[in-house]
Each structure stands twice: as C-alpha cells, then as structure tokens.
Amino acid sequence: ELQQKVEETELLKMELQMLETERVRLSLVEEKLLDVLQLLQQLRDLNISKRALGKILLSTLESCRDPQPGKAHLFEVLDTLHHELTACELLQSQPLEKAQSRQSLSNPLVISC
C-alpha cells in the first residue's frame, strides 16, 4: 500500500510539472498574442490599407508553411507575424512618443477572467 502511495505521488508530481510547463507555454502565447493585437490596433489607427495588411499576413503564413521541428507552430506563426508587423513601414515612421503614449493609456485588449 505504501508503494502504491509513492507511485501515485510520483505520478501527481509529473502531472503537476506537465501542467506548469503548459501554463508557462500558454502564458508566452498570450503575451505574444497581446503584442500582435496591439500592433494591429496601431496599424488600424494609422489607417493601413487592407491590401498591405493582407500582404503582411500572407507573408507570415508563407514563411510558416513548414513548421520547424521542436517549435510550437502556433507560437512560430505569432512570432513571425509580430516580426512582420514591427517591420511595417507605417510603424517605423510613426513617432516613438506617440506610440508609447497610446500604449501607456488603458489597454483595451487585456481580458480579465
């Protein structure tokens, strides 16, 4: 009976470790998604054309067509989209203080659970 309890404890420890790993992974995805949404909102405020936004999205999807081994595909797509959006000329030409002041206001993208 004691051996069974030890085995159950080990299984519970492994399960807890897996849950913690998953929580961290989801937290990273959530942060990256929030960053992407903020960039999209900035671009919308700068009146980016739908055509330009479509090109950014298609470029992202094209570069992520073949998933890299060992990297979560969702995170890879979000990371690539974030990179493509930050490289957008409209955001590069936007004054830095304007972008920072807009972000420092309340963040409408934050969702409380």
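Need pairs with beta-carbon distance below 9 Å; first residue modelled with pLDDT of 90 or more and within the stretch 48-71, second in a loop (DSSP other than H, G, I, E, B) and among the β-branched types (Val, Ile, Thr); sequence gap 6+ or separate chains.
ILE56/ILE48
Restricted to the stretch 45-76, and to residues that are hydrophobic (A, V, I, L, M, F, W, C) and under 25 Å from GLU22 (Cα atoms), which residue is surrounded by the fewest Cβ atoms within 10 Å (Cβ to Cβ)?
For the stretch 45-76, the residue satisfying everything is LEU61.
If you scan the stretch 93-113, which residues turn out to be part of a helix (DSSP H, G or I) and either at pLDDT 70 or above or open to solvent by less than 100 Å² (accessible area, probe 1.4 Å) (or both)?
Correct list: SER93, LYS98, ALA99, SER101, ARG102, GLN103, SER104.
Taking the condition of being open to solvent by 60 Å² or more (accessible area, probe 1.4 Å) and more than 11 Å from HIS82 (Cα to Cα), how many residues in the stretch 32-44 meet it?
Residues meeting the conditions: 1.
The values are calculated or read from the model by the stated rules, or taken from the named source; none is laboratory data. Only a predicted model underlies this, so the values are computations on that prediction, with no experimental measurement involved. Neighbour counts are summed over all protein chains in view; Cβ atoms, including those assigned to glycine, are modelled from backbone coordinates with ideal geometry. Heavy atoms of the whole protein, side chains included, go into the accessibility calculation; ligands, DNA and RNA do not. Shrake-Rupley method; radii C 1.70, N 1.55, O 1.52, S 1.80 Å.
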